[in-house]
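The values are calculated or read from the model by the stated rules, or taken from the named source; none is laboratory data. Quick caveat: nothing in here was measured; it's all calculated off a predicted structure. Note: ideal-geometry Cβ built from the backbone for every residue, glycine included; neighbour counts use all protein chains shown.
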Amino acid sequence: MKTLIKLLTVISIVFSSAVFAHVHLEKSVPADNAMLMKNPEELKLAFSKEVRVVKVTLKNKQGKKIKFGFKPTKETNTEFTWKLPKLAPANYVVDVTFLGKDGHKMKDSFGFMVH
Amino acid sequence: MEMYIWNTVIVLSKIVFYVGFACIAGYTFFRQIFEHNESHSNAVIAHLTWTRTYIVMALIVNITWFFASTGAMAEEGIQGAIDADILAIMWDSSVGTGALLRALGLVTAIIALALRFKLAVNSYLKQSALMLSLLILAYSFTLLGHISELGTIEKGLLILHVLVMAWWFGALLPLKQACHQLSYAELHLLMESFGKQASFALSLLLVACLWLVIQLVGSLDALISSSYGQTLLFKLALVVSILALAAKHKLILVPQLKNSQGREALSKSISIEMVVAFAILSVTAGLTSVVGPAN
């Protein structure tokens, strides 16, 4: 039993670098919790691996959706950019649903503020 | 609430598919138990009928799975499951390729079952088509889920893992049927040879499984603390219990057959093994759909 524990410990150390991680949203513009002094011109999303973006919604604090021309596409990429309309000063929340290469649905969400 | 419904449909349809896969393997490797003897023609027909019915069901469920995955992705109710844009994305993704390959594999099996085997050539053709179907279905596992982002070795091991699983679980129903149909001498011979093959196959299964767990979970800590790790541990506990049952068969129940006794006990024990096998497949369906290693 002791040898088994030792063996398992060694194996776990050897392979701990190989920890599996799902694809995730790495960076966004505007960044999460950003305080913007002027109107953001575009919405940019960067992912850790190639994904298909299924849904992006931009909502203000009241939960009202703001249209900005997002349309789901089959295209896979690590970076996506959309032009934003003029945003009134308020808090905004972006919800993103995307599909990794493994076919798993992933979700992320971030918020920013326009002064 | 909506996600609960979609996830339930996804998990249930995966379970049906797994069982269908095992049924094909069972038919491919174990139908000769009854086919070599004219007196077992009823068993042959019964085996063919349930396999065929089950594969057709798996095919229908495979389509349901694709639409449910689309619905879960869109989160727009039933409308979302038939949204053209989302469907196009899903069809283009590994989910679509997986669904297509699974449909292809199942249809291949259905065609193979329809082949009459009066000529020896046909029998080979049938067996090759069934093997092809199993390979296509096994390959489809590597496209979906967490393994798809790992290397070629892991994919190879996963194929091995699911093939051995299908062979083993697929054997249970024919073996149970054999308990009631064969003479004690025949049954003992069959179980002895199955036991030998199984010992070898299960060693492969365990090595493959251990390696994949290490690759997916990465550390003992993650195995204990993450929901994925915990579900995996639960699955492993079930696997240990089914191995214990298999050992009991090999060491206690099968030797008794030599003295022309214990066929009922063996049949009953195989029934329990089938329940545990079903539980393992159910946990796996949840593991590969609802909980992820990084969650």
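Here are some notes:
- Evaluation of B:Ala88 against (1) over 13 Å from B:Ile5 (Cβ atoms); (2) buried (at least 19 other Cβ atoms within 10 Å of the Cβ); (3) within 14 Å of chain A (Cβ to nearest Cβ) (one fails), failing number: (2)
- None of B:Thr64, B:Thr70 is buried (at least 20 other Cβ atoms within 10 Å of the Cβ) and in contact with a helix residue (DSSP H, G or I) (Cβ under 6 Å, 6 or more places away or on another chain) except B:Thr70.
- One residue stands out among those in segment A:82-107 that are part of a strand (DSSP E or B) and surrounded by 17 or more Cβ atoms within 10 Å (Cβ to Cβ): the one that is farthest from the other protein chains (Cβ to nearest Cβ), which is A:Tyr92.
- Those residues of segment B:83-114 which are assigned to a helix (DSSP H, G or I) and small (Gly, Ala, Ser), in sequence order: B:Ala84, B:Ala88, B:Ser94, B:Gly96, B:Gly98, B:Ala99, B:Ala103, B:Gly105, B:Ala109, B:Ala112, B:Ala114
- Residue match in segment B:148-163 (condition: touching a Gly at 6+ places or on another chain (Cβ under 9 Å), within 24 Å of B:Leu238 (Cβ to Cβ) and in a loop (DSSP other than H, G, I, E, B)): no
- Residue check for B:Val56: free of Cβ contacts under 8 Å to residues at least 40 places away in the same chain and more than 14 Å from chain A (Cβ to nearest Cβ): no
- Residue match in segment B:212-222 (condition: without any contact (Cβ under 8 Å) to a residue 24 or more places away in the chain, more than 14 Å from chain A (Cβ to nearest Cβ) and not hydrophobic (A, V, I, L, M, F, W, C)): no
- Any hit, segment B:192-199, residues being at pLDDT below 95, under 17 Å from the mean Cα position of the chain (by Cα) and closer than 30 Å to B:Phe66 by Cβ: no
- Index of the failed condition, A:Phe15 passing every other in (1) within 12 Å of chain B (Cβ to nearest Cβ); (2) within 30 Å of B:Ser225 (Cβ to Cβ); (3) at pLDDT 90 or above: (3)
- Residue within segment A:60-73 that is in a loop (DSSP other than H, G, I, E, B), surrounded by 12 or more Cβ atoms within 10 Å (Cβ to Cβ) and of a type in the set (Phe, Trp, Tyr) present: yes
- When segment B:121-156 is filtered for residues that are small (Gly, Ala, Ser) and touching a residue at least 12 places away in the same chain (Cβ under 8 Å), the ones remaining, listed by number, are B:Ala129, B:Ser133, B:Ala138, B:Ser140, B:Gly145, B:Ser148.
- All positions within segment A:100-111 that are out of contact with any Leu (no Cβ under 6 Å at 6 or more places or on another chain), at pLDDT 90 or above and not hydroxyl-bearing (Ser, Thr, Tyr): A:Phe110, A:Gly111
- Checked against the criterion of being farther than 24 Å from B:Glu149 by Cβ, in contact with a Gly (Cβ under 9 Å, 6 or more places away or on another chain) and not basic (Lys, Arg), the candidates B:Thr51, B:Thr8 yield just one match: B:Thr51.
- Among the residues of segment B:187-196, at least one is surrounded by fewer than 18 Cβ atoms within 10 Å (Cβ to Cβ), over 20 Å from B:Gly151 (Cβ atoms) and touching a residue at least 60 places away in the same chain (Cβ under 8 Å).
- Summed over segment A:66-76, residues that are away from every other protein chain (no Cβ under 13 Å) and either under 14 Å from the mean Cα position of the chain (by Cα) or not basic (Lys, Arg) (or both) total 3.
- Members of segment A:47-65 found to be within 14 Å of chain B (Cβ to nearest Cβ) and in contact (Cβ under 8 Å) with a residue 12 or more places away in the chain, listed by number: A:Phe47, A:Ser48, A:Lys49, A:Glu50, A:Val51, A:Arg52, A:Val53, A:Val54, A:Lys55, A:Val56, A:Thr57
- Segment B:68-84 residues that are within 17 Å of A:Met106 (Cβ to Cβ), paired with ones that are of a type in the set (Ser, Thr, Tyr) (beta carbon under 6 Å, 6 or more apart): none
- The condition of being more than 24 Å from B:Glu186 (Cβ to Cβ) and touching a helix residue (DSSP H, G or I) at 6+ places or on another chain (Cβ under 7 Å) does not hold for B:Ser227.
- Test for B:Leu12: is it assigned to a helix (DSSP H, G or I), away from chain A (no Cβ under 14 Å) and modelled with pLDDT of 90 or more: yes
- Given (1) more than 14 Å from every other protein chain (Cβ to nearest Cβ); (2) farther than 19 Å from A:Asp108 by Cα; (3) at pLDDT below 90, index of the condition A:Met35 fails: (3)
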